[in-house]
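The next block holds one structure in the form of structure tokens; read it before the comments.
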Amino acid sequence: MTTVGKMLVQSLADHGVSAMWGVVGDALNPITDALRQEPRIRWIGVRHEEAGAFAAGAQSQLTGRIGVCMGTVGPGSLHLLNGLYDAKKSHTPVLAICGQVPSAEMGSDYHQEVDNDAVFRDVSVFSRTITDPAQFPYLLELAVNAAYARNGVAVLTLPGDVAGRELPHGTQEPRFVSQHPPVTPDAGALGAVAAVLNGADTVTMLVGSGARPARDEVLATAETLAAPMVLTLKGKETLERDNDYQVGQTGLIGNPAAQHALTHGDVLLMVGTDFPYRDWYPKGKTVVQIDHEGMRIGRRTHVDHALVGDARTTLAALLPLLRAKPSREHLTASRERYTSWSDRQHHLADPGYDSSVVGRVRKQFDNRERAIRPEVLAAAIDRHAADDAVFTSDTGMSTVWLARFVTLRGNRQLLGSYNLGSMANALPHALGAAQLDPTRQTIAFCGDGGLTMLMGELLTVAAYDLPVKVFVFNNSRLGMVKLEQEQGGIPEFGTVLKNPDLAGVARACGIHAVRVEHPDQVDAAVRDALAHAGPVLLDVVTNAEEIVIPPKPTVSQAWGFAIAKIEETLISAHDVDEKA
């Protein structure tokens, strides 16, 4: 005989789950007692359930296996929501176990009672409340299978009295199906697309994370079509390294070479991407889209030819039908622009840049305080990080610096809230990665705003000795919001952050930490941090005025930025006069 709680824990352990994340509490007690007796699963008690959901989602993304988090009755479960939405938008399987009031009190507006099935309906692909132990095995099986089949979040709500009850004699343990065969389009559709690609003078590829398992096929397609390859941020992993066709990213974090490639291709071939920003798609092109989810076809830009299928098997079937392009001029021109832009960017990563002739002029506009340029920090991390490091990044400017200065060479992997766009994800994502494999470098690119939003998780790092390397781009600003305001002609407002000594806070939590305030100190500090055996926080004071120019700046953006800067100067001068 066994209880519902024990079967839950045993079934997940048998499936290979190595960690469960959350905060313990009343309704979860039968489950946490089962966890106490199960050596195969490590319980990680976070300081906020949101972080636990982020961590579970990170583990799912890195392994392709289900991640698991828990929240107890009412507020405990509600706190999971943001992290679960991140998993939903990242299309990764996560199981959330939510506590509930005693079953006899359900529906009575009992203390802390929340209708979980209603609350989690939008975020989940499956959500059920278990009211009888006999339901449990098949509902758990349905929940996990649904999460795998639809790459999403499944929620099971368990009243504490049900979780502690015994199952009927002879109850079979659930079995989970995690494998789903790839789909290949029919021959007629493949032939039509091949005719379009063969007939085009120039082709540009836009490639995303869905194409990562198809690296060889993607590179072969680019070679045959002499096509420059624009990568989405999530496509950098696997596809950026040793790739003579890629020209970086488009969008606000992108570069002019990628925009040139998109503009000058007659046909746009989209592979495994759901890049969301409509304004950055080229106009007037013939568009081909390959995606295993038919519902994603055409929802970002008009698509002329659709191939619904797995990227790897679809490209493998398409390649024999393609003819090599006689001219490589389009590819060569795009790559030359990309190389030139990259070289200019890396000048900013020189710690001595502000002392150069050009730097002395530029710093009068965007670095009068001579703070550390964030490019210096990002480039140093790229230089010293291991070739199999896992990188996480907060939403905002820290993601810009990672996108531009970190190359995902070797077996490096990347995690971020790139679809939901949540703040504060980098540290909890890093928790999940570090728990999976403590011998592998886990590097968090944190903004000071993101870190301080869930700063309590530094205590989780210390409590479980998770060897996370936390690099804080500390510009005392909500940097991306500041940039958005200025490009719209609005002087920055509400973006300034009054931070404590973040290295001091980390040391108080029991973490080795160093504060860096001079460009010449950055390289050695990064090297030492990455060589340290345990967790580290590097608090780097970076330039708040760093200018990030989008790939296709408009006159209105430039004018708005100029107006905002003038107003900021006037406001600053007024404040000085008032204080005088």
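Conditions tested, residue by residue: (1) outside any helix (DSSP H, G or I); (2) in contact with a helix residue (DSSP H, G or I) (Cβ under 7 Å, 6 or more places away or on another chain); (3) at pLDDT 95 or above.
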residue: Asp465; (1), (2), (3): yes, no, yes
residue: Glu484; (1), (2), (3): no, no, no
residue: Pro491; (1), (2), (3): yes, yes, no
residue: Arg515; (1), (2), (3): yes, yes, yes
residue: Arg527; (1), (2), (3): no, yes, yes
residue: Gly534; (1), (2), (3): yes, no, yes
residue: Ser556; (1), (2), (3): no, no, no
residue: Ala562; (1), (2), (3): no, no, no
residue: Glu567; (1), (2), (3): no, no, no
| field | Residues satisfying the stated conditions in region 121-165, i.e. crowded, with 23+ Cβ neighbours inside 10 Å, small (Gly, Ala, Ser) and within 27 Å of the chain's Cα centre (by Cα) | value | Ser124, Ala143, Ala147, Ala154
| query | Could you say which residue among Val468, Val472 is assigned by TED's automatic domain parsing to the domain that holds Gly416, surrounded by 20 or more Cβ atoms within 10 Å (Cβ to Cβ) and within 13 Å of Pro428 (Cα to Cα)? | reply | Val468
| message | As an exercise: evaluate Glu457 against (1) in contact (Cβ under 8 Å) with a residue 40 or more places away in the chain; (2) over 27 Å from Gly152 (Cα atoms); (3) not hydrophobic (A, V, I, L, M, F, W, C) and give the number of the one condition it does not meet. | response | (2)
| Say we look at region 428-440 and pick out the residues that are out of contact with any Ser or Thr (no Cβ under 6 Å at 6 or more places or on another chain) and farther than 13 Å from Tyr464 by Cβ; which of these is surrounded by the most Cβ atoms within 10 Å (Cβ to Cβ)? | Arg440
| Odd one out for Asp33, checked against (1) closer than 18 Å to Ala424 by Cβ; (2) of a type in the set (Asp, Glu); (3) out of contact with any Cys (no Cβ under 8 Å at 6 or more places or on another chain) | (1)
| said: Condition first: part of a helix (DSSP H, G or I), farther than 29 Å from Thr399 by Cα and out of contact with any Cys (no Cβ under 7 Å at 6 or more places or on another chain). Can you find one or more residues in region 176-187 that meet it? | reply: yes
| Test set (1) farther than 18 Å from Thr72 by Cα; (2) modelled with pLDDT of 95 or more; (3) in a loop (DSSP other than H, G, I, E, B) - Arg121 fails condition number | (1)
| task | Any residue in region 43-61 that's without any contact (Cβ under 8 Å) to a residue 40 or more places away in the chain: show its pairings with residues that are among the aliphatic types (A, V, I, L, M) and part of a strand (DSSP E or B) at Cβ separation under 7 Å, as long as the two are six or more apart or on different chains. | result | Trp43/Met20; Ser60/Val94
| Pairs under 9 Å by beta carbon, first residue part of a helix (DSSP H, G or I) in region 89-100, partner surrounded by fewer than 24 Cβ atoms within 10 Å (Cβ to Cβ) and of a type in the set (A, V, I, L, M), six or more apart or different chains? | Lys89/Leu420; Ser90/Leu420
| task | Could you please give the count of residues in region 12-28 that are farther than 25 Å from Val461 by Cβ and more than 29 Å from the chain's Cα centre (by Cα)? | result | 2
| task | Taking Ser422 as the residue in question, decide whether it is of a type in the set (S, T, N, Q), under 13 Å from the mean Cα position of the chain (by Cα), surrounded by fewer than 24 Cβ atoms within 10 Å (Cβ to Cβ) and not assigned by TED's automatic domain parsing to the domain that holds Gly251. | result | yes
| message | Against the definition (part of a strand (DSSP E or B) and either in contact (Cβ under 8 Å) with a residue 40 or more places away in the chain or among the aliphatic types (A, V, I, L, M) (or both)), how does Ala434 come out, yes or no? | response | no
| message | Please count how many residues of region 301-340 are under 29 Å from the mean Cα position of the chain (by Cα) and not in a helix (DSSP H, G or I). | response | 8
| said: I'd like the full set of residues that are surrounded by fewer than 18 Cβ atoms within 10 Å (Cβ to Cβ), of a type in the set (A, V, I, L, M, F, W, C) and either in contact with a Ser or Thr (Cβ under 6 Å, 6 or more places away or on another chain) or at positive phi (or both), limited to region 7-64. | reply: Val24
| query | So which of Gly298, Gly284 ends up being more than 18 Å from Asp266 (Cβ to Cβ) and part of a loop (DSSP other than H, G, I, E, B)? | reply | Gly298
| task | Kindly provide the set of residues from region 424-464 that are farther than 22 Å from Asp382 by Cβ and hydroxyl-bearing (Ser, Thr, Tyr), ordered by number. | result | Thr452, Thr460, Tyr464
| task | Within region 244-256, track down each residue that is more than 14 Å from Gly208 (Cβ to Cβ) and modelled with pLDDT of 95 or more. | result | Asp244, Tyr245, Val247
| query | Any chance region 403-410 includes a residue that's assigned to a loop (DSSP other than H, G, I, E, B), β-branched (Val, Ile, Thr) and at pLDDT 95 or above? | reply | yes
| query | Is it the case that region 181-190 has a residue that's without any contact (Cβ under 8 Å) to a residue 12 or more places away in the chain, surrounded by fewer than 17 Cβ atoms within 10 Å (Cβ to Cβ) and within 27 Å of Arg241 (Cβ to Cβ)? | reply | no
| task | Test Ala118 against the stated conditions and say whether it is of a type in the set (A, V, I, L, M) and surrounded by 24 or more Cβ atoms within 10 Å (Cβ to Cβ). | result | no
| said: surrounded by 13 or more Cβ atoms within 10 Å (Cβ to Cβ), among the small types (Gly, Ala, Ser) and over 22 Å from Asp242 (Cα atoms): which single residue out of Gly284, Gly309 fits that description? | reply: Gly309
| For Glu369: the one exception among (1) surrounded by fewer than 20 Cβ atoms within 10 Å (Cβ to Cβ); (2) assigned to a loop (DSSP other than H, G, I, E, B); (3) assigned by TED's automatic domain parsing to the domain that holds Val203 | (3)
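Table: residues versus (1) modelled with pLDDT of 95 or more; (2) assigned to a loop (DSSP other than H, G, I, E, B); (3) outside the structural domain of Tyr464 (by TED's automatic domain parsing).
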position	(1), (2), (3)
Ala55	yes, no, yes
Ser60	yes, no, yes
Arg65	yes, yes, yes
Ala87	yes, no, yes
Ala134	no, no, yes
Glu141	yes, no, yes
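The values are calculated or read from the model by the stated rules, or taken from the named source; none is laboratory data. What you are looking at is a predicted structure, and each value in this text was computed from that prediction instead of being measured. Backbone-built Cβ (ideal geometry, glycine too); neighbour counts: all protein chains shown.
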